[in-house]
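The values are calculated or read from the model by the stated rules, or taken from the named source; none is laboratory data. Not measured: the values here are computed from a predicted model. Note that each Cβ is placed from the backbone with ideal geometry, even for glycine, and that neighbours are counted across all protein chains shown.
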Amino acid sequence: MAQANRSISNDWPELPFAAWRDTCATLHLWTQIVGKIRLAQTPWINHSWHVPLYVSGRGLSTSPIPYGGSAFQIDFDFIDHALLIHSSDCLSRRVPLRPQSVADFYRALMATLGELGLDIRINPMPNEIPDAIRFDQDTTHDHYDAESVTRFWRALVQVDRVFKEFRARFLGKCSPVHFFWGSFDLAVTRFSGRPAPPHPGGFPNMPDWVAREAYSHEVSSAGFWPGGGGIDHAAFYSYAYPTPNGFAEAPVRPSAAYFSKQLGEFILPYDDVRQAASPDELLLGFLQSSYAAAADLAQWDRDALERDMVDVATP
């Protein structure tokens, strides 16, 4: 259960996008490299659920990745600022996280995998990024401000916690709370159970069939991202696919939330949550009211898909 915040300033850190925009762009590409390693080794799961990263106690993690009869795991440590690679063969390696180009990071990581006997090949082109540069040729993105990255991770810890409480209220098909490296956001998605019309695709540097598979069924999806893509501040979002009639005019809480016609989704600035007397309550209100708008307008069977958390016993 979400708990009262001990210290708003400590628990929900400031996250000014302009101050770490370049670092964010570099880190985004680093997470794509790591995510594509997982993609190359993992059986395809519907909606691309086999590719995300997960918030951990120190950063972001792939979770175990299969390799033949063994497994390995890659972790971003945003406290000591290192990329950690551990294998089930009891081998470990460490790659420092410091100011370096994407090309240098790519070469260092692939060489380290080779030292561990992990022969893995990935597509070196970034996904969902316009004007993308191959990882092995990208000397443009080379920023890394450790303090900003730690603040971002601390924000992810809070968001991950609240998203998991929101997820627990749903009985139907629902994604894990996971970090998609393509769009660089933490997301959780609920499903009505009904098929959706084919998605038009159109994401930069991503095959349309991936989008069609991801949106094969009706969804209400919420997430958090640090900024970019037309919004120069950290924000929460919520959208439905397909978008039901009247969704943009729905009464979504809190008053700071608004519908972006450009993005086609509801937006709640992160700072409004961070500065609230009860950030958890404010965020849960946004998640629940935007989901309810989508579910009611699209006539989801909410009685069958939801549960009252009061009725859930504690063992």
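Per this entry, VAL95 is not counted among residues that are assigned to a helix (DSSP H, G or I), at pLDDT 95 or above and of a type outside the set (Ser, Thr, Tyr).
In region 34-78, counting only strands (runs of 3 or more DSSP E) that sit wholly within it, the ones holding 2 or more residues that are under 13 Å from the mean Cα position of the chain (by Cα) and within 17 Å of GLY182 (Cα to Cα) span 59-61. Determine whether region 244-253 contains at least one residue that is in contact with a Gly (Cβ under 9 Å, 6 or more places away or on another chain), basic (Lys, Arg) and closer than 26 Å to LEU39 by Cβ. Looking for residues that are in contact with a Gly (Cβ under 9 Å, 6 or more places away or on another chain), basic (Lys, Arg) and closer than 26 Å to LEU39 by Cβ, one finds none in region 244-253, hence no. The combined condition, being at pLDDT 95 or above and assigned to a loop (DSSP other than H, G, I, E, B), is not fulfilled by HIS86.
If only residues of region 133-188 that are touching a strand residue (DSSP E or B) at 6+ places or on another chain (Cβ under 7 Å) and of a type in the set (Asp, Glu) are counted, the one that is farthest from VAL102 (Cα to Cα) is ASP160. Scanning region 208-234 for residues that are over 30 Å from ARG302 (Cα atoms) and in contact with a helix residue (DSSP H, G or I) (Cβ under 8 Å, 6 or more places away or on another chain), we see that the one that is modelled with the lowest pLDDT is GLY228.
Just one of the listed residues (TRP209, TRP300, TRP225) is under 23 Å from PRO176 (Cβ atoms) and under 19 Å from the mean Cα position of the chain (by Cα), and it is TRP225. Search region 181-207 for residues being surrounded by fewer than 16 Cβ atoms within 10 Å (Cβ to Cβ) and touching a helix residue (DSSP H, G or I) at 6+ places or on another chain (Cβ under 6 Å), and hand back the single one that is nearest to THR62 (Cα to Cα). If we take residues in region 181-207 being surrounded by fewer than 16 Cβ atoms within 10 Å (Cβ to Cβ) and touching a helix residue (DSSP H, G or I) at 6+ places or on another chain (Cβ under 6 Å), then GLY201 is nearest to THR62 (Cα to Cα).
Residue by residue, here is whether (1) buried (at least 22 other Cβ atoms within 10 Å of the Cβ); (2) in the same structural domain as TRP225 (by TED's automatic domain parsing); (3) free of Cβ contacts under 8 Å to residues at least 40 places away in the same chain holds:
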position	(1), (2), (3)
ALA19	no, no, no
THR26	yes, no, no
GLN41	no, no, no
HIS50	no, no, yes
TYR54	no, no, no
SER70	no, no, yes
ASP77	no, no, yes
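Taken over region 256-285, the criterion of being surrounded by fewer than 20 Cβ atoms within 10 Å (Cβ to Cβ), closer than 27 Å to ASN245 by Cα and in contact (Cβ under 8 Å) with a residue 60 or more places away in the chain is satisfied by LEU284 alone.
Number of residues in region 123-161 that are over 13 Å from TYR106 (Cα atoms) and outside any loop (DSSP other than H, G, I, E, B) equals 16.
A quick yes/no check of all residues on (1) among the small types (Gly, Ala, Ser); (2) closer than 19 Å to ARG58 by Cβ; (3) without any contact (Cβ under 8 Å) to a residue 12 or more places away in the chain; (4) not assigned by TED's automatic domain parsing to the domain that holds LEU305:
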| site | (1), (2), (3), (4) |
| --- | --- |
| LEU97 | no, yes, no, yes |
| VAL102 | no, no, no, yes |
| ASP119 | no, no, yes, yes |
| PHE166 | no, no, no, no |
